[in-house]
Every structure is written in structure tokens, then in C-alpha cells.
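The values are calculated or read from the model by the stated rules, or taken from the named source; none is laboratory data. All of these numbers come straight from a predicted model, not from anything done at the bench. Using ideal geometry, Cβ is built from the backbone for each residue, glycine included, and neighbour counts are taken over all protein chains shown. What goes into the accessible areas is simple: the full protein's heavy atoms, side chains included, and nothing from ligands, DNA or RNA. Shrake-Rupley method; radii C 1.70, N 1.55, O 1.52, S 1.80 Å.
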Amino acid sequence: AQKVTQAQTEISVVEKEDVTLDCVYETRDTTYYLFWYKQPPSGELVFLIRRNSFDEQNEISGRYSWNFQKSTSSFNFTITASQVVDSAVYFCALTTNFGNEKLTFGTGTRLTIIP
Amino acid sequence: ETGVTQTPRHLVMGMTNKKSLKCEQHLGHNAMYWYKQSAKKPLELMFVYNFKEQTENNSVPSRFSPECPNSSHLFLHLHTLQPEDSALYLCASSHQTGGLGNSPLHFGNGTRLTVT
């Protein structure tokens, strides 16, 4: 069985502050992939990043960065210098094995950036 | 037009009505999915189609009936729904070769369904 936990239900920060969204996962498989998706008010889930279990290198993309730590089964997402357009619900997700078509999602974290 | 398009954006229906949700993808993908998003619950996978063949039915009640006439179109036919079926229904697509690890899901904007 696999599980994704996003303990933070809602977070509010003032614009330009940094914010970290937590994601903890559970799986018995040694090969797996982790994802982050953003869901703005329009409803569409937007793919942000994919990370496989063999690549623990952290990644930075502009103001976004991701910290993958297998030792703690975490895949946290940090937004630096937050902007109002970052307000959305963010989902962490997990899939395991080659050819698997099931994606297990967390319950999401609603991020509000206060101008 | 690109991406995944869902119609209608909003739908209100009575419990005795019959309606259909439509999804179309312009990404050349061969797998299509229906997900249900209810308040404060994780996204629930409902159905998966791979090259027009249904490969996953996640114990969905028969009042939801999917149809996939080709790799670009997916429908969800609704009849005799219950108020608890009110939710955001999201369609997604992907390249199925290699699984989701190699081809992430691309989602539509969803249909907000309200059953009265």
C-alpha cells in the first residue's frame, strides 16, 4: 500500500516571504516517482515536478525548489519570495513501478499569499 | 487548441436526470483518466482508458458510465446520481508507455457537478 501525507491543510504567508510545503510518503517499493501539482482557482492541476527514487539531488526552478530526502521519506517544496499568483492548492503525489498508471495523491495544502 | 479540455465547466442536475461530461485531449496521448475531487479528500481515481480500452475501474458505482470512443475523447455518462456525488470531476491524459513515472498526467479544468 502507498500513502501520501500533507499535514498542512492551509498556510497563509505575507507576500515575499518564503514558504515550505511538506510532503511525507509511504511505500514498500524501491522504485517510485514523486510529483508536485498546483491547482489554481481555475481548477486545472498543473504539473510542477517529477522526481524518481534514485535521484536524490535537490532541484531548483526559479523561485521553486524541492528537497527530496529518502531517509525521512519526504519531498518538500519551497517557494522563495512568494507572490500572490502562487496562491493555490498544492498536491504531492506518488506512483510506483514501471508501467503503473495509478497516482496516489495527498489531500493538498491550500496556500494563500497575502498582498 | 492545446491541452485537455472539459465541458461543461459547471453542471447542476437532479437525481433523476441523465447528463454527460466530455473530455478532449490535444496532446497525442494514449491514456485518459477520470478523477473525482471532493472537499477535503484526496483525488480519487475512477477510470483509466489505455488505447480506448478500459484498464481500471476503481470500484465506481454503476451510475457512472465511462465511454472512450478514441484516444482523444472521453465521456462520463451520469444517471440517477446522489447528492454525495457532487464534486469536481477532472479528466487527465498521459503517454502510457513507461507509466506515469515517464509521462506525468495533464489535467483539464474540471467539471463542477452539483446534484440536487
Next on the checklist: Take the residues in the range B:1-31 that are in contact with a His (Cβ under 9 Å, 6 or more places away or on another chain) and among the charged types (D, E, K, R); name whichever of them is surrounded by the fewest Cβ atoms within 10 Å (Cβ to Cβ).
Outcome noted: B:Glu1
Checklist entry - How many residues are at pLDDT 90 or above and closer than 19 Å to B:Pro104 by Cα if we restrict to the range A:52-83? => result 8
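Let's see how each residue does on (1) among the small types (Gly, Ala, Ser); (2) open to solvent by 10 Å² or more (accessible area, probe 1.4 Å); (3) without any contact (Cβ under 8 Å) to a residue 12 or more places away in the chain:
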position: A:Gln57; (1), (2), (3): no, yes, yes
position: A:Arg63; (1), (2), (3): no, yes, no
position: A:Ser71; (1), (2), (3): yes, yes, yes
position: A:Phe75; (1), (2), (3): no, no, no
position: A:Thr80; (1), (2), (3): no, yes, no
position: A:Val84; (1), (2), (3): no, yes, no
position: A:Ala93; (1), (2), (3): yes, no, no
Next on the checklist: When you check B:Leu45 against the structure, is it outside any strand (DSSP E or B) and closer than 14 Å to B:Phe107 by Cα, yes or no?
Outcome noted: no
Checklist entry - Applying the selection to the range A:2-16, what residues are in a strand (DSSP E or B) and within 13 Å of chain B (Cβ to nearest Cβ)? => result A:Lys3, A:Val4, A:Thr5, A:Glu10
Checklist entry - Among the numbered criteria (1) under 14 Å from the mean Cα position of the chain (by Cα); (2) within 19 Å of A:Tyr37 (Cα to Cα); (3) of a type in the set (Gly, Ala, Ser), which single criterion is violated by B:Ser71? => result (2)
Next on the checklist: Could you check the range B:68-109 and list, in sequence order, the residues that are farther than 12 Å from B:Met32 by Cα, at pLDDT 95 or above and within 12 Å of chain A (Cβ to nearest Cβ)?
Outcome noted: B:Ala87, B:Leu88, B:Tyr89
Checklist entry - Only one of (1) among the small types (Gly, Ala, Ser); (2) crowded, with 21+ Cβ neighbours inside 10 Å; (3) farther than 23 Å from A:Arg50 by Cβ is not met by B:Ser62, so which one is it? => result (2)
Checklist entry - Which residues, counting only those in the range A:79-115, are assigned to a loop (DSSP other than H, G, I, E, B), over 12 Å from A:Leu21 (Cα atoms) and away from every other protein chain (no Cβ under 12 Å)? => result A:Ala81, A:Ser82, A:Gln83, A:Ser87, A:Pro115
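Going residue by residue through the range B:32-46, is there one that turns out to be open to solvent by 40 Å² or more (accessible area, probe 1.4 Å) and either more than 24 Å from A:Thr104 (Cβ to Cβ) or under 12 Å from the mean Cα position of the chain (by Cα) (or both)?
Scanning the range B:32-46 turns up at least one residue that is open to solvent by 40 Å² or more (accessible area, probe 1.4 Å) and either more than 24 Å from A:Thr104 (Cβ to Cβ) or under 12 Å from the mean Cα position of the chain (by Cα) (or both).
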Checklist entry - Is it the case that some residue within the range A:17-39 is touching a helix residue (DSSP H, G or I) at 6+ places or on another chain (Cβ under 7 Å), touching a residue at least 60 places away in the same chain (Cβ under 8 Å), away from chain B (no Cβ under 11 Å) and farther than 20 Å from A:Lys102 by Cβ? => result no
